[in-house]
Amino acid sequence: MKAPRKLHIKSYGCQMNVYDAQRMVDTLAGEGFVETAGVDDADLVILNTCHIREKASEKVYSELGRLRLVKDDAARNGRQMNIAVAGCVAQAEGQEIIRRAPVVDVVVGPQSYHHLPQLLARAKSHGRALETEFPVEDKFGFLPPPKPDAIRARGISSFVTVQEGCDKFCTFCVVPYTRGAEVSRPVTKIIDDVLRLADHGVREITLIGQNVNAYHGEGPDGRVWSLGTLLHRLAEIPGIVRLRYSTSHPRDVDATLIEAHSDLPALMPFVHLPVQSGSDRILAAMNRKHTADDYRRVIDRFRAARQDIAFSSDFIVGFPGETEEDFLATLALVRQIGYAGAYSFKYSPRPGTPAADMREMVSAAEMDERLVRLQELIDSQQSAFNVAVIGNTVDVLFERAARNPGQIVGRTAYLQPTHVMASPDIIGQVLPVRVESLERYSLLGQIARSAEARSVKTAFSQMTSPQMTTGT
Ligand code: 5AD
Ligand code: SF4
């Protein structure tokens with residue numbers, strides 16, 4: 001038998017990339033590849049890249065510089081190593097990568113991952129291969145489902161892509177160009193995926209998409225289903241105890257999604273709802289299609305449906321033309337909403353987007369200063385949110401053994417990591433934890449009423465935690 005070839009895949013950026021990386025691993029498993037943790041013994045290294053901000057794409061070129069040395073080293077030892085660049089930088093700058101980085105063998109855009117085996121074969125026979133088209137066929141129909149072992153190794157929490165691409169065209173954002181037009185997967189395909197995951201021990205599903213609540217997939221009844229309707233259906237699947245979705249656009253929050261939050265205990269009361277700015281002038285220049293008040297009203301609807309709901313958001317500071325007054329409107333909105341956490345970024349012009357041609361640039365010094373002020377405010381809200389849990393009993397879904405021997409780590413409804421001393425048997429269960437203290441961002445506590453605990457036993461004591469990163 002041929003020895004398996006080794007694949008190392010490194011993902012940058014959003015949760016969609018984490019999910020796509022798993023799909024690439026599943027595709028290449030069929031070609032005899034197994035994953036390896038390091039680059040040194042890899043036969044194939046894939047960089048699954050992010051183009052959302054300038055720094056994200058710069059990282060790719062510096063990583064390729066390092067990989068060139070490893071590849072040369074392997075060649076000196078008579079071993080061939082292939083390097084592929086996937087993801088949104090591949091999509092946006094495919095030709096540039098080929099020109100700038102001769103070390104790269106394959107460039108593959110996010111819509112073509114199912115062609116990876118052919119692209120590798122083409123690279124072998126013709127030198128190098130590039131595919132950044134948006135093929136007419138749906139890649140999901142061609143990507144093989146994960147094997148049971150792979151599902152188990154990935155743990156009790158899993159992402160499932162339900163929607164891809166975006167039609168919103170915010171003026172700062174590359175996503176509509178790199179991921180293309182919005183496409184929703186059919187409901188039956190998603191149900192099949194979730195059933196398979198639940199069968200192999202997955203307890204928590206996060207539905208993902210660049211604009212996930214724009215979901216409008218074909219239902220088994222021939223009608224178009226919204227995200228809210230889909231969530232109602234998925235909540236019926238035995239074994240799935242928690243549902244989440246990310247990332248949402250305020251404009252696409254409809255009544256079915258609000259109802260899902262009031263109807264479904266499994267739907268976690270934690271919503272990532274990016275607003276980007278609190279100034280109507282800037283929101284208009286960003287082409288966000290909503291005002292700050294529209295956003296406040298959406299938040300109110302969620303809160304009316306589910307009292308314990310909490311929010312996170314994304315913010316951009318220093319968008320072209322942003323004045324101190326605009327920025328103060330952002331701070332005012334943050335104070336008014338009160339977030340459990342948020343990501344904030346300095347505006348970074350992305351080639352090809354309308355905002356990149358806007359002239360009124362905010363100085364680097366002003367951007368830095370605004371970012372610090374915003375982050376201070378967000379950090380103080382996040383700390384207050386975390387401190388408020390101390391002394392309370394909260395439900396925790398246990399995920400894996402922690403680094404400290406004897407400790408098991410899980411997450412609350414609000415994704416706060418929570419550590420307890422317990423047996424690995426609790427992995428996969430939702431148990432009430434009495435929170436005793438907070439260490440940096442992690443809660444420490446004890447299992448409460450353990451005798452009443454449900455006994456959903458799973459065999460996941462060795463697994464690793466899913467990576468939670470920002471969406472778009
Ligand atoms: N500059 C800075 N931040 C950006 N984001 C998207 N595009 C840019 C850009 N050009 C941020 C937005 C988005 C998050 C994923 O990244 O806040 O919600
Ligand atoms: Fe679409 Fe979000 Fe990008 Fe706006 S910021 S274009 S909604 S992906």
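A few comments on the model shown:
- Scanning region 372-410 for residues that are over 12 Å from residue 420 (Cβ atoms) and touching a His at 6+ places or on another chain (Cβ under 7 Å) gives no hits.
- Candidate set from region 259-276 (those that are assigned to a strand (DSSP E or B) and closer than 17 Å to residue 412 by Cα); member that is farthest from ligand 1 (Cβ to nearest atom): 267
- Options 359, 335, 373, 403; residue that is touching a helix residue (DSSP H, G or I) at 6+ places or on another chain (Cβ under 9 Å) and over 21 Å from residue 270 (Cβ atoms): 373
- Scanning region 424-444 for residues that are in a strand (DSSP E or B) and of a type in the set (A, V, I, L, M) returns 430, 431, 433, 435, 438, 443, 444.
- On the stretch given as region 136-179, residues that are more than 16 Å from ligand 2 (Cβ to nearest atom), in contact with a His (Cβ under 8 Å, 6 or more places away or on another chain) and open to solvent by less than 30 Å² (accessible area, probe 1.4 Å) total 3.
- Qualifying residues in region 114-135 (those that are surrounded by fewer than 17 Cβ atoms within 10 Å (Cβ to Cβ) and among the polar types (S, T, N, Q)) - the one modelled with the highest pLDDT: 118
- Identification of strands (runs of 3 or more DSSP E) wholly contained in region 9-95 with 1 or more residues that are on the phi < 0 side of the Ramachandran plot and open to solvent by 20 Å² or more (accessible area, probe 1.4 Å) yields 33-35, 82-86.
- Flag set for residue 436, criterion: exposed (fewer than 14 other Cβ atoms within 10 Å of the Cβ), closer than 24 Å to residue 391 by Cα, modelled with pLDDT of 95 or more and in contact with a strand residue (DSSP E or B) (Cβ under 9 Å, 6 or more places away or on another chain).
- For region 180-217, the tally of residues that are open to solvent by less than 20 Å² (accessible area, probe 1.4 Å), farther than 26 Å from residue 415 by Cα and within 16 Å of ligand 2 (Cβ to nearest atom) stands at 1.
- The conditions of being hydrophobic (A, V, I, L, M, F, W, C), more than 16 Å from ligand 2 (Cβ to nearest atom), more than 22 Å from the chain's Cα centre (by Cα) and more than 30 Å from residue 427 (Cβ to Cβ) are not met by residue 108.
- When residues of region 291-303 are limited to those that are surrounded by fewer than 19 Cβ atoms within 10 Å (Cβ to Cβ) and touching a residue at least 24 places away in the same chain (Cβ under 8 Å), the one farthest from residue 275 (Cα to Cα): 301
- Single unsatisfied condition, residue 143 versus (1) in contact with a Phe, Trp or Tyr (Cβ under 8 Å, 6 or more places away or on another chain); (2) assigned to a loop (DSSP other than H, G, I, E, B); (3) at pLDDT 95 or above: (3)
- Selected residue [in contact (Cβ under 8 Å) with a residue 40 or more places away in the chain, closer than 28 Å to residue 395 by Cβ and open to solvent by 40 Å² or more (accessible area, probe 1.4 Å)] from 238, 269: 238
- Checked against the criterion of being within 16 Å of ligand 2 (Cβ to nearest atom) and either of a type in the set (A, V, I, L, M) or assigned to a loop (DSSP other than H, G, I, E, B) (or both), the candidates 299, 316 yield just one match: 316.
The values are calculated or read from the model by the stated rules, or taken from the named source; none is laboratory data. The model shown is predicted, which means the values in this text are computed figures rather than measured ones. As a convention, Cβ positions derive from the backbone with ideal geometry for all residues, glycine included, and neighbour counts pool all protein chains shown. These accessible areas exclude ligands, DNA and RNA; they are computed on the full protein's heavy atoms, side chains included. Shrake-Rupley method; radii C 1.70, N 1.55, O 1.52, S 1.80 Å.
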